[in-house]
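The values are calculated or read from the model by the stated rules, or taken from the named source; none is laboratory data. Note that the structure is a prediction, hence the values are computed from the model and not measured. Positions of Cβ are generated from backbone atoms using ideal geometry, with glycine treated the same way; all protein chains shown enter the neighbour counts. Areas reflect the complete protein model, heavy atoms only, side chains present, ligands, DNA and RNA absent. Shrake-Rupley method; radii C 1.70, N 1.55, O 1.52, S 1.80 Å.
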Amino acid sequence: MRRTTLVTAVAAASALVLTACGGGDGGSASGDSGEITFWDTSGPNESPVFAKIAQDCATKGGYKVKTETVAFDQALNNYRTAAQGGQGPDVFRAEVAWVPQLAKLGYVVDLTGTELAGDTSDFLETPLGSTKFDGKTYGVPQVTDSLALFYNKKLLADAGVEPPKTWDEVKAAAAKLGGEKTIFINNDAYYALPFIYGAGGDLVDADAKKIVVNSAENVKALETAKGLLDAKAATTALDPANSYNNMQAAFTSGEVAMVVNGPWSVADYLKGAAFTDAANLGIAPVPGETAGEGSAPVGGHDYTIRQGTKAKDSSIKFVACMSGVESQVAVAKELGLLPTRKSAYENADVKANAVVSAFEPVVTSAHPRAWIPEGGQLFDPLKIAYADVLAGKKDAKTALDEVAKSYKDTVVPEYTVG
């Protein structure tokens with residue numbers, strides 16, 4: 001997932017990308033319009049780079065591309081509304097949880113049998129899994145991400161603290177790191193997953209069609225998070241709507257020593273007073289219940305092609321270019337975002353990127369989520385429950401039982417409650 005409830009709206013912008021030469025084989029002679037509209041759902045730090053790569057792809061491919069930057073938090077609903085009426089972009093940058101939903105609705109092209117679904121051996125297995133639904137391929141991985149522990153190297157070094165490998169080590173470090181200033185816990189559902197996965201839990205078992213969000217493992221996981229607050233070893237925001245922004249401000253200013261976040265946050269951190277020296281930003285795997293057992297969710301984005309596009313051939317060429325090794329290397333070098341192709345990590349410039357290098361083992365071992373059409377709907381009930389637990393409004397068992405009931409009533413009614 002990447003930040004479905006966290007990313008701020010991006011101001012709409014568009015750029016017409018024209019080919020340097022006319023008459024590519026994606027033109028009207030083959031029944032293909034040769035003109036693509038691409039909805040880019042990335043943020044303001046990222047969209048100029050994707051627009052430039054889109055321009056390069058169009059120049060090389062012999063087609064036209066209009067790149068439109070669409071607010072992330074509105075993109076899915078806008079796409080569904082447009083696609084239902086036979087309108088919308090030809091190519092859509094979809095969050096990984098959206099792909100099975102759009103496939104089930106018939107709003108994206110089945111790419112099985114096209115060159116995009118041919119040799120996929122270079123893609124990392126977990127991000128590739130997000131492109132599948134009912135045994136068919138509906139997307140191509142663009143970027144992947146996960147969550148890691150970000151830490152202020154100077155604050156930890158001055159306190160004589162090593163990056164913690166367990167949540168107990170986080171608690172123990174609090175005496176040296178200023179108590180509640182040790183770590184900021186974002187009370188959003190996605191950020192509950194490292195606690196849940198690290199405890200051996202999950203939200204649903206898609207294979208068994210079972211709801212497991214209220215398992216004993218998950219109760220313990222949320223109690224671990226609340227325990228850090230109770231021990232004055234962490235802080236959080238009581239207002240869930242501002243939790244992410246408060247976390248970012250506290251870490252970039254040096255007010256707190258550690259946070260759990262993804263690679264998309266690095267550009268913002270490096271603008272902060274605490275990280276005017278980029279070398280002060282440390283990245284490590286998220287802690288777990290025991291050392292080496294930390295586990296974080298896989299997120300990211302996939303390229304999809306709208307069902308009914310008049311530029312299918314050109315769109316296939318465009319997606320092949322945008323997801324190719326050269327493009328992924330450029331994205332990693334310029335933005336520090338994580339490639340979905342194994343070979344991109346072998347590039348010398350990519351290896352030299354400290355953020356990508358630090359995240360490579362994290363994404364390689366990231367925990368796959370349930371790639372079901374309802375996957376994106378699992379987070380809203382959990383978000384409410386997690387915030388209530390951290391605020392002390394409800395105990396973990398009661399809160400998670402309510403989530404399980406919500407899943408059964410409104411999200412996956414055909415599942416049994418474990």
Of the residues that make up segment 71-87, is at least one open to solvent by 50 Å² or more (accessible area, probe 1.4 Å), of a type in the set (A, V, I, L, M, F, W, C) and part of a helix (DSSP H, G or I)? no
Kindly indicate whether T120 is in contact with a Leu (Cβ under 7 Å, 6 or more places away or on another chain), on the phi < 0 side of the Ramachandran plot and either open to solvent by 10 Å² or more (accessible area, probe 1.4 Å) or among the hydrophobic types (A, V, I, L, M, F, W, C) (or both). yes
Across segment 210-269, which residue is most open to solvent (accessible area, probe 1.4 Å) among those that are of a type in the set (S, T, N, Q) and outside any helix (DSSP H, G or I)? S253
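Say whether the condition of being more than 22 Å from the chain's Cα centre (by Cα) and not in a helix (DSSP H, G or I) is met by at least one residue in segment 293-305.
no
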Would you be able to tell me the number of residues in segment 174-206 that are surrounded by fewer than 23 Cβ atoms within 10 Å (Cβ to Cβ), outside any helix (DSSP H, G or I) and over 23 Å from the mean Cα position of the chain (by Cα)? 1
Across segment 157-170, the tally of residues that are open to solvent by 30 Å² or more (accessible area, probe 1.4 Å), farther than 17 Å from A296 by Cα and of a type outside the set (D, E) stands at 2
Residues of segment 104-132 satisfying the condition of being under 19 Å from the mean Cα position of the chain (by Cα) and touching a residue at least 24 places away in the same chain (Cβ under 8 Å): F123, L124, T126, P127, L128, G129, S130, T131, K132
Can you find a residue in segment 338-349 that is touching a helix residue (DSSP H, G or I) at 6+ places or on another chain (Cβ under 8 Å), within 21 Å of R93 (Cα to Cα), surrounded by fewer than 17 Cβ atoms within 10 Å (Cβ to Cβ) and modelled with pLDDT of 95 or more? no
Give K104, K66, K154 a once-over and let me know the one that is outside any loop (DSSP other than H, G, I, E, B), open to solvent by 50 Å² or more (accessible area, probe 1.4 Å) and under 27 Å from A330 (Cα atoms). K66
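Yes/no per residue for (1) touching a residue at least 24 places away in the same chain (Cβ under 8 Å); (2) closer than 20 Å to F275 by Cβ:
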position	(1), (2)
D168	no, no
A175	no, no
G178	yes, yes
I183	yes, yes
A192	yes, no
F195	yes, no
D205	yes, no
V212	yes, no
K232	yes, no
For segment 67-89, name all the residues that are in contact with a Phe, Trp or Tyr (Cβ under 7 Å, 6 or more places away or on another chain) and either more than 22 Å from V143 (Cβ to Cβ) or in contact (Cβ under 8 Å) with a residue 40 or more places away in the chain (or both). T67, E68, V70, L76, Y79, R80, A83, G88, P89
Screening A54, A75, A58 for residues that are modelled with pLDDT of 95 or more, under 17 Å from the mean Cα position of the chain (by Cα) and within 25 Å of D313 (Cβ to Cβ) leaves only A75
If we keep only residues of segment 284-306 that are more than 27 Å from W371 (Cβ to Cβ) and among the aliphatic types (A, V, I, L, M), then the residue surrounded by the most Cβ atoms within 10 Å (Cβ to Cβ) is A284
From the list T37, T4, which residue is buried (at least 16 other Cβ atoms within 10 Å of the Cβ) and modelled with pLDDT of 95 or more? T37
Please go through segment 381-418 and give me each residue that is surrounded by 16 or more Cβ atoms within 10 Å (Cβ to Cβ) and within 16 Å of Q101 (Cβ to Cβ), ordered by number. Y407, V411, V412
Cross-chain or 6+ apart pairs with Cβ under 7 Å, segment 45-58 first and farther than 17 Å from V266 by Cα, then of a type in the set (S, T, Y) and open to solvent by 20 Å² or more (accessible area, probe 1.4 Å): A58/T19
